[in-house]
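Data block below; observations after.
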Amino acid sequence: MSQTPHRIAFAHGLRGMAALSVLLSHYTEHFWNQRAVAAAFLAAPQWEGAAPGLVALHAWLPPGFAGHFGVALFFLVSGFVIPFSLLGRGRAGFAAGRVLRIWPTYAAGLGITILAVWACARHFGNPVPFGAAQWVAQMLFIRDLLGMPSIDGIVWTLEIELRFYLLCLVIAPALRAGQVRPLLATGLVLTGLSAVMGALPLPLAWRAGLGELALSGQMITFMLLGCVFGARHRGTAGAGACLATGAVLLLLFGLQWAGGVMAAQTGPGLVAYGAALAVFALLFAQREAIRRVPPVLDALARISYPLYVVHGVAGYAVIRLMLEAGAPPLAAILLATSLALATATLLHRVVELPTQRLGRRLSRRLPGPGGEA
């Protein structure tokens, strides 16, 4: 069993659940139901063969449920735990820790994805479907603002995550104090900005970038729900204030979704995000009783970030090449899953843990929060 402290064990376990949900969505739904998209990522011919029986299971759920559900859990957990990183740390220390937490592992994982795409494209005699400029934009997490397609299919959530960190720097005193009223004000501001950006009469290229920025505001509003849970966990806000704040933030999130770039997915998306919120809330309510995480979830949670980074398009490449070699679909999925788990474990040990330790040491050496506005 995990040795995770029991007060946050539920959040640790949800990371594992989120990682599994996203992986299953990509390998047993997205690759097969959005074949043209998968082929474009790989610069490979679209697979025209049969899909595995696992795909039929997704028909019982709203479209894209597993992917939305997993991402929503990641966002809620991030909103819950990130404010704790500000306790006892100044803004510089927080920023240094976050950069070293996110960037080195992502850089390594993206490199593996690029190698997988190169191998797949070369096998089919096609050029790699991206260039150096796209790689640089993706490494800087500004790809969406420049209107560039994604190399790995998952960076959009990390772009949002980094913008959430920037917001945390702005509202750091409120997060340290565990106040919920500033979270409500922030949600209202984000919703207002999203509406303004959607209404501005700008050229199409500009509107696309602003639409992606509005998407960040939408998802950050949802992440603020995790901050509300964090304030309640710390006892810095009452149950009534948290319920009221959470209800308004959830409403604002729904309004932004319905009017944003993902409006076509409003119904299925809100169902999945609502389900994730319900699971999070249920386990939060039982957090004192959850003292250990089951071993499988614990193992997945520990490698959840490198697994998320490396599993997507690199896994698609493995599946596509295996199918081309005549392997049954289920065998291709199992091999891609095994390789993703092994690669994520290696990245966790070789890149993620050392850079996490470096980030902690560096953040401790930088000035604390004393004297910050």
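Within region 324-344, the residues that satisfy the criterion of being under 21 Å from Leu57 (Cβ atoms), hydrophobic (A, V, I, L, M, F, W, C), touching a residue at least 40 places away in the same chain (Cβ under 8 Å) and surrounded by 17 or more Cβ atoms within 10 Å (Cβ to Cβ) are Ile333, Ala336, Ala340.
When region 113-152 is examined, which residues are found to be under 30 Å from Val189 (Cβ atoms) and touching a Phe, Trp or Tyr at 6+ places or on another chain (Cβ under 7 Å)? Scanning region 113-152 gives Asp144, Ser150.
Taking the condition among the aliphatic types (A, V, I, L, M), closer than 30 Å to Arg122 by Cα and buried (at least 21 other Cβ atoms within 10 Å of the Cβ), does Leu347 pass? So Leu347 fits the description; yes.
The set of residues in region 279-315 being within 19 Å of Ala336 (Cβ to Cβ) and of a type in the set (A, V, I, L, M, F, W, C) consists of Val296, Ala299, Leu300, Ile303, Leu307, Val309, Val310, Val313, Ala314. Yes or no: Arg287 part of a helix (DSSP H, G or I) and not hydrophobic (A, V, I, L, M, F, W, C)? Judged against the criteria, Arg287 is not a match. Modelled with pLDDT under 95 and either touching a strand residue (DSSP E or B) at 6+ places or on another chain (Cβ under 7 Å) or part of a helix (DSSP H, G or I) (or both): is that true of Ser363 in this structure? Here the answer is yes, as Ser363 does meet what is asked.
Of the residues Gly260, Gly240, Gly226, which is part of a helix (DSSP H, G or I) and closer than 19 Å to Phe75 by Cβ? None of the others qualify; the one that does is Gly226. Only residues that are touching a Leu at 6+ places or on another chain (Cβ under 6 Å) and crowded, with 20+ Cβ neighbours inside 10 Å: list them for region 49-78, please. Correct list: Ala66, Leu73, Val77. For region 134-147, filtered to residues that are part of a loop (DSSP other than H, G, I, E, B) and surrounded by fewer than 19 Cβ atoms within 10 Å (Cβ to Cβ), the residue that is modelled with the lowest pLDDT is Gly147. Among the residues making up region 60-100, those that are at pLDDT below 95 and among the charged types (D, E, K, R) are Arg89, Arg91.
Residue count for region 40-87 satisfying the condition of being farther than 20 Å from Tyr308 by Cβ, assigned to a helix (DSSP H, G or I) and touching a Phe, Trp or Tyr at 6+ places or on another chain (Cβ under 7 Å): 2.
Looking across Ala119, Ala132, one residue alone is out of contact with any His (no Cβ under 6 Å at 6 or more places or on another chain) and closer than 17 Å to Ile319 by Cβ. It is Ala119.
The values are calculated or read from the model by the stated rules, or taken from the named source; none is laboratory data. Fair warning: this is a prediction, and the values are worked out from it, not measured in the lab. Quick reminder, even Gly has a Cβ in these numbers, built from the backbone with ideal geometry, and neighbours come from all protein chains shown.
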